[in-house]
1. Quick one: what are the phi-derived ³J(HN,Hα) couplings along region 73-78, Karplus 6.51/-1.76/1.60 with θ = phi - 60°, whole Hz, x for glycine and proline?
2. Find, among the GluC sites (Glu not before Pro) in region 5-107, those assigned to loop by DSSP (not H, G, I, E, B) with at most 11 other beta-carbon atoms within 10 angstrom.
3. Determine ³J(HN,Hα), in whole Hz, for all residues of region 79-86 in sequence, where each value follows from phi through the Karplus function 6.51 cos²θ - 1.76 cosθ + 1.60 and θ = phi - 60°; x replaces Gly and Pro.
4. Once amide H atoms are built 1.01 Å from N in the peptide plane, which residues 5 or more positions from THR69, or in another chain, come under 5 Å H to H?
5. Could you compute the FRET efficiency for THR55 and ARG97, with r as their C-beta to C-beta distance and R0 at 35 Å, rounded to 0.05?
6. Please state, to two decimals, what the Cα-based radius of gyration of the chain comes to when divided by 2.2 N^0.38 Å (N = residues).
7. Would you list VAL64, VAL41 from fewest to most Cβ contacts within 10 Å?
8. Let me have the relative contact order for the chain, percent, based on Cα pairs under 8 Å that are six or more residues apart.
Amino acid sequence: MLDRIGDKWSVLVVSTLGGEPLRYSDLHASIPGISQRMLTVTLKALERDGLLTRTAYPEVPPRVEYELTDLGRSLLDAVMALAGWAATHHEAVATSRRDHEASGVGRAKAR
């Protein structure tokens, strides 16, 4: 379960669906950097785990919407907290990574 809720794309999909049901194209447009394949794989996994529902409407053209289930909404607060933490501390982590790489900690320094 931690693999699912800790996955970058799952966190973004759950947080994006937090407000309202969305169509696939709206989800795709709302999540920068996600490929169509990765969005499809993530949606299927979240549906399988009971975190979202997929509703297909018999219209022309076909319309499909994705929405969080009660279980998915119960995860929303934790996901939003995680996303908020990541946004708040992104630069500090990036700086730490740069400093670590520059210092050569844990490996021999190049001469």
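1. Karplus values, whole Hz, x for Gly and Pro: 5, 5, 8, 4, 4, 5.
2. Working: sites: GLU47, GLU59, GLU65, GLU67, GLU91, GLU101; in loops: GLU59.
Qualifying residues, ordered by number: GLU59.
3. Values per residue, Gly and Pro as x: 5, 5, 5, 5, 5, x, 4, 4 Hz.
4. Residues meeting the amide H criterion: LEU52, THR53.
5. On the way: r = 42 Å, r/R0 = 1.19.
The pair THR55/ARG97 has a calculated efficiency of 0.25.
6. Details: Rg = 18.2 Å, N = 111, 2.2 N^0.38 = 13.2 Å.
My calculation over the Cα atoms of the chain gives 1.38.
7. By the 10 Å Cβ count, ascending, the order reads VAL41, VAL64.
8. Values: 90 pairs, mean separation 28.3, N = 111.
Answer for the chain is 26 percent.
Here, each number is a calculation from the coordinates, and none is a lab measurement. In this text the structure is predicted, and so the values were computed from the model without any measurement. Reconstructed Cβ throughout: ideal geometry from the backbone, glycine too, with neighbour counts over all protein chains shown.
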